[in-house]
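Notes follow once the structure below has been shown.
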């Protein structure tokens, strides 16, 4: 089976404050459904209050990200499903729950895992 990264940036999720609890409940329900289906690997929201750093091979730590990298924020999950169509179906459920489009990317297959 292939692992898929499903993400959305913070700016995409435009929800009135009074609707945020409902969105949170809906997204948690999809996460629970994915866990029950056995496809959930990991997921979380990026802590935007903690600045990213780059760590070089010699251990040097530099504030920031790669210059060509756009800001990474929002939420993400990794699901392991048998087909791309299954990944797109889960992304649809997340898009409905979070009220914003989800980006889907496949990880390369690792025969050692």
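Residue count for the stretch 20-33 satisfying the condition of being in contact (Cβ under 8 Å) with a residue 60 or more places away in the chain and more than 15 Å from the chain's Cα centre (by Cα): 4. Hey, does the stretch 80-89 have a residue that's touching a helix residue (DSSP H, G or I) at 6+ places or on another chain (Cβ under 7 Å) and surrounded by 10 or more Cβ atoms within 10 Å (Cβ to Cβ)? Checking the stretch 80-89: at least one residue is touching a helix residue (DSSP H, G or I) at 6+ places or on another chain (Cβ under 7 Å) and surrounded by 10 or more Cβ atoms within 10 Å (Cβ to Cβ). Step by step: first the residues of the stretch 57-75, then only those that are modelled with pLDDT of 90 or more and part of a loop (DSSP other than H, G, I, E, B), then the one that is surrounded by the most Cβ atoms within 10 Å (Cβ to Cβ). Which residue is that? Applying the filter and picking the extreme gives 60.
With respect to being in contact (Cβ under 8 Å) with a residue 12 or more places away in the chain and in contact with a helix residue (DSSP H, G or I) (Cβ under 6 Å, 6 or more places away or on another chain), residue 74 fits the description. Within the stretch 1-49, the set of residues being in contact with a strand residue (DSSP E or B) (Cβ under 7 Å, 6 or more places away or on another chain), loosely packed, with under 15 Cβ neighbours inside 10 Å and in a loop (DSSP other than H, G, I, E, B) comprises just one member, 1.
The values are calculated or read from the model by the stated rules, or taken from the named source; none is laboratory data. Just so you know, these numbers come straight off a predicted model, no measurement behind them. Because the Cβ atoms are built from the backbone with ideal geometry, glycine has one as well, and the counts that use them run over all protein chains shown.
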